[in-house]
Amino acid sequence: VLSNQGFKQLCIMSRGIDSRHFNPEKRSNQLRASWGVKSDEPVLLYVGRMAAEKNIGLVAASYRAQLKNHPDLKLVMVGDGPLKTELEQQIPEALFVGVKRGDELAQIYASSDIFLFASLSETFGNVVTEAMSSGLAVVGYDDAALAELGVHHHNAVIAPKANAEQFISNLTELLSQPELIAKISTNAQATCQNRSWQRISDQFYFDVQRACTGQTTGETYGI
């Protein structure tokens, strides 16, 4: 729109993530033990509002679809919302821990392994970058944050938008391949290392300088 109005040297200021706060180093075996999880057992995680607009039903369905082959699989649900009571009845095997913030939330992220992000109503979805920065393998759609940051089988597993069957299939695939979880975990964290707020602000400063001097080419900060 701005370009059509004659504005020049436009650029997009990206969203950042505090990778020092959301970091795999905060993984806690003590916390995992309190969930009843062994060190080598994967933990699924959902963080967000428990409401219809988050497509929360697919999170529950994806989890239930895995229980036949993985009866001890744990799903940790963080947050609250109008569907919480219904979800507790649908998936009583899941662990509902309420709303969490700060260091407690960062520790929950880092102590999990796979993040389920089924929403189709996001403009971006900050929880995706929080999960990736914490070293989780994100299962989601080719939309919002994953459309910008995600590469299928590299730093996430991504289904075509609104393809619920593929979403569930992607989770099934991950759970059958621990080595793929490990690969995606490493690459996801690396992706977010390049999205620190310091790098975002450096890029913004560079772009302002370039605009003020009339420079049209040059190095960027690689964001």
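The values are calculated or read from the model by the stated rules, or taken from the named source; none is laboratory data. Because the structure is a prediction, the values reported are computed rather than measured. Cβ: placed from backbone, ideal geometry, glycine included. Neighbour counts: every protein chain shown. Ligands, DNA and RNA are stripped out before the accessible areas are found, and what is left, the full protein with its side chains, is counted by its heavy atoms. Shrake-Rupley method; radii C 1.70, N 1.55, O 1.52, S 1.80 Å.
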In degrees rounded to 10, the 0-90 angle between helix 56-66 Cα long axis and the longest Cα principal axis of the chain is 50
In whole percent, the fraction of accessible protein surface over the chain that belongs to carbon or sulfur atoms, probe radius 1.4 Å, stands at 49
When the charge dipole of the chain is computed with +1 at the Cβ of Lys and Arg and -1 at the Cβ of Asp and Glu, the Cα pointing farthest to the positive end, of Ser133, Leu120, Ser185, is that of Ser133
Long-range amide H partners of Ile17, meaning residues 5 or more apart or on another chain whose placed amide H is closer than 5 Å, are Ser196, Trp197
Most fluctuating of Gly125, Gly102, Gly140 in the GNM of the chain (C-alpha, under 10 Å) is Gly102
The rounded separation in angstrom of the Cα centers of segment 1-79 and segment 93-115 is 9
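Let a ≥ b ≥ c be the square roots of the eigenvalues of the Cα gyration tensor of segment 15-94; is it rounded (a/c under 1.5), or, if not, prolate (a/b larger than b/c) or oblate?
oblate
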Per the C-alpha gyration tensor (a ≥ b ≥ c, the square roots of its eigenvalues), segment 102-170 is rounded if a/c is under 1.5, else prolate if a/b beats b/c, else oblate; here it's prolate
Looking only at lysines whose Cα falls under 16 Å of Lys100's and that sit 8 or more positions away or on another chain, we get Lys26, Lys84
At 4 °C in a medium of viscosity 1.567 mPa s, segment 80-209 has a Stokes-Einstein diffusion coefficient, with Rh taken as the Kirkwood radius over alpha carbon pairs, in µm² per second, of 81
Note on the chain: contact order normalised by length, alpha-carbon pairs under 8 Å, 6 or more apart, percent, works out to 23
Row for segment 67-142, column shape: gyration tensor on C-alpha, a ≥ b ≥ c, rounded if a/c < 1.5 i.e. under 1.5, prolate if a/b over b/c, else oblate; value rounded
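Quick check on the chain: helices-only [θ] at 222 nm, where DSSP H runs of length 4 and up contribute -39,500 (n - 2.57) each and the sum goes over total residues. Nearest 500, please.
Details: 9 runs with 93 residues, N = 223.
One gets -12500 deg cm²/dmol as the mean residue ellipticity at 222 nm.
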Using eta = 1.002 mPa s and T = 20 °C, Stokes-Einstein with Kirkwood Rh from Cα pairs puts D for the chain, in µm² s⁻¹, at 116
Two pseudo-spin positions, 7 Å from Cα along C-beta at Val97 and at His153, lie apart in nanometres by 3.2
Most fluctuating of Phe96, Phe117, Phe22 in the GNM of the chain (C-alpha, under 10 Å) is Phe96
